[in-house]
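**Q** The structure is given below, and queries will be raised subsequently.
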Amino acid sequence: MSAVVDREAAEQLLGYITGARWFAGKGRLAELSGVTPLPWLTEVAAWPAVRFEVAEISYLADEDPESGVAEVEPEVGSTELYQLAVCYRTAPLPGLRHAEIGRFTDPELGSVVAYDAMQDPDACRLILERLVEPRRLADDDSRVSFHLVSGDTLSSDLEPRIFTGQQSNTSVMFGDTAMLKLFRRLEIGHNLDIEVHESLSRSGVADVAQLYGWIEASWPGPAVDGLDNLSADLAMMVEKLADAEDGWGLALDSLRDGTDFAGLSRDLGRALAEIHGALRGAFPTAEVSGGRIAAVMQSRLSVAAGIAPALRTHVPGLSRCFGALAPTTLATQRVHGDFHLGQTLHTPSGWKIIDFEGEPVKTLAERAEPDSVWRDVAGMLRSFDYAAASVPGPESAAWADGSRVAFLEGYAGGPLEPGDEAVLRAYVADKATYEVVYEVRNRPDWVNIPLAAVAAIASASATADR
């Protein structure tokens, strides 16, 4: 149940949350509706005192809201749940000034200084200890459970290394062995990233980091989606990928240096194909009418053209592109859902694919639904285009073309069948249309990147019909 938070503490907590890089509601008027403390991870009277807390953030009407600043712009009157891992100390520590949440009087502890536990090495060591010796902590109406997948890898003596440059989540490295990812904006239900990593780890797929364990919690309301007792995953512990290079950065370096990326693209295509095969065997599959998918894409296009007038001249060509799906039946399955170069890491042992939570604009249920594998393929093709546009030069377009061809060869094991080409073209068009709207709202200077792709697809579609 939400704890009563006095005004001084509430103002400090709200200020810390809304000022954090992981807060998704920037530009909106937010208020702290309540805080639900979960069971203590520390023993009674032990200092520092550590626990996870769930903050309820509500959004108020604003006469001049900033549009599109967040990945998902919250609606007025909506409530989001954010997680704070809090380390309480009796006195301030100079080395943790950057991680200070506030100074106030806690009903149980008295006068305290509260710090973000993910920036406090002592607190991080404690979380690791609780995971290495998994247990279930409970109080009168809430619980925190630690789940260990394999006890052969983790040990409580691993030293934490704190990262400060996080975005939507927060990560802590433990030695050269593991990485803890703490989810900041909580979703009710089982986290998709954990669900997929657990499945792929069991199947022995080498293209993802191995899952070592996770932390989940349950607590009473406020009611969300009709549920009075809420449950969510708080964090996951996965394999630390040694000497890993971010796929986006690697692509940009290749463009700047004028080096070939085709070999890496081909290998990345093979890695995605292996992931898709494993997901197909682990999660439900289905078939869906191509006409139904075409209608959804057409509906999105109509909305997008209203937001971005530059799309209007391309509507007929894009509509013909979507219409090519009508006579088909598409196989669907669990997919990545938000696949691009930033969701990949290259290691000495090959590519690793990360972050299986799907598109942030969709609900958890929508992201868990089976989808076409071509959505992931289209996402990567568009990512090559963005990389080339980020490092403009006489060879950038050829780099993107070569990367796309090699990626598709790696994924499909050879040239695509004509029917698959038509389906992929529709998914690329749908993705580029989404990008136009995103750029209009967030980065107007970038809108020509997806607009050029939209124009090319629409023109090719019109030419094919002649």
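**Q** How much FRET efficiency would the formula 1/(1 + (r/R0)^6) give for Ser111 and Asp445, where r is the Cβ-Cβ distance and R0 is 51 Å, rounded to 0.05?
**A** 0.55
**Q** Please name whichever of Gly258, Val315, Ala114 sits farthest to the positive end of the charge dipole of the chain, dipole taken about the Cα centre and charges placed at Cβ: Lys and Arg +1, Asp and Glu -1.
**A** Going by the Cα projections, it comes out as Val315.
**Q** Need one value: the accessible area of Glu274 in square angstrom, 1.4 angstrom probe, rounded to the nearest 10.
**A** That residue has around 90 Å² of solvent-accessible surface.
**Q** Between Ala460 and Arg161, how many nm apart are label points set 7 Å from Cα along the C-beta direction?
**A** In this crude spin-label approximation the distance works out to 4.3 nm.
**Q** Could you go through region 287-296 in sequence order and give the Karplus-derived ³J(HN,Hα) for each residue, using 6.51 cos²θ - 1.76 cosθ + 1.60 with θ = phi - 60°, rounded to whole Hz, and x for Gly and Pro?
**A** 10, 9, 5, x, x, 5, 5, 4, 5, 5
**Q** Testing the spin-label approximation: label points 7 Å from Cα along Cα→Cβ at Ile307 and Arg125. State their distance in nm.
**A** 4.8 nm
**Q** Could you size up the charge dipole of region 296-440 around its Cα centre, putting +1 on the beta carbon of Lys and Arg and -1 on that of Asp and Glu, and report it in debye to the nearest 20? Spell out each step's value before the answer.
**A** Working: 12 positive and 18 negative charges, 58 e Å.
Dipole about the Cα centre, nearest 20: 280 debye.
**Q** Rounded to the nearest 10 degrees, what's the angle between the helix 396-412 long axis and the longest principal axis of the chain, both from Cα atoms, 0 to 90?
**A** 80 degrees
**Q** Ok, one more. For a protection proxy built on the mean count of beta-carbon atoms within 10 angstrom, sort 100-107, 246-253 highest first, please. Walk me through the intermediate numbers first.
**A** Numbers: 100-107: 16.2, 246-253: 18.2.
With the highest mean Cβ count within 10 Å placed first, the list reads 246-253, 100-107.
**Q** Modelled label-to-label distance, Ala46 and Trp22, 7 Å Cα→beta-carbon offset: nm?
**A** Between Ala46 and Trp22, the simple spin-label model gives 2.2 nm.
**Q** Gain in length, Ala365 to Glu417, computed as 0.36 nm per residue apart minus the alpha-carbon separation, to one decimal in nm? Numbers along the way, then the final one.
**A** Values: separation 52, 0.36 × 52 = 18.72 nm, distance 3.19 nm.
Using 0.36 nm per residue and subtracting the Cα-Cα distance, I get 15.5 nm.
**Q** Hey, if you put +1 on the Cβ of every Lys and Arg and -1 on every Asp and Glu Cβ in the chain, which of Asn191, Ala429, Gly151 ends up farthest toward the positive end of that dipole?
**A** Ala429
**Q** How large is the dipole of the chain about the Cα centre if only Lys and Arg carry +1 and Asp and Glu carry -1, each at its Cβ, rounded to the nearest 20 debye?
**A** On the way: 39 positive and 69 negative charges, 188 e Å.
With Lys and Arg at +1 and Asp and Glu at -1, about 900 debye.
**Q** Let me ask you something else. In debye to the nearest 20, how big a dipole does region 394-466 give about its Cα centre with +1 on each Lys and Arg Cβ and -1 on each Asp and Glu Cβ? Numbers along the way, then the final one.
**A** On the way: 6 positive and 11 negative charges, 47 e Å.
Its charge dipole is roughly 220 debye.
**Q** Specify which residue in the list Ala326, Val288, Thr344 is farthest towards the positive end of the charge dipole of region 286-355, using unit charges on the beta carbon of Lys, Arg (+1) and Asp, Glu (-1), about the Cα centre.
**A** Ala326
**Q** With everything on Cα atoms, drop me the angle between helix 247-257 and the longest principal axis of the chain, reported from 0 to 90° to the nearest 10.
**A** 50 degrees
**Q** What angle, in degrees between 0 and 90 and rounded to the nearest 10, separates the Cα long axis of helix 418-442 from the longest principal axis of the Cα atoms of the chain?
**A** Long axis of 418-442 versus the principal axis of the chain: about 50 degrees.
**Q** Follow-up. Can you tell me the length gained on complete extension of the stretch Ala452 to His98, counting 0.36 nm per residue apart and subtracting the Cα distance? Provide the component values of the computation, followed by the final result.
**A** Details: separation 354, 0.36 × 354 = 127.44 nm, distance 4.35 nm.
Extra length available between Ala452 and His98 comes to 123.1 nm.
The values are calculated or read from the model by the stated rules, or taken from the named source; none is laboratory data. Note that the structure is predicted; figures quoted are calculated from it, not measured. Note: ideal-geometry Cβ built from the backbone for every residue, glycine included; neighbour counts use all protein chains shown. In case anyone asks, the SASA skips ligands and DNA or RNA and just uses the protein heavy atoms, side chains included. Shrake-Rupley method; radii C 1.70, N 1.55, O 1.52, S 1.80 Å.
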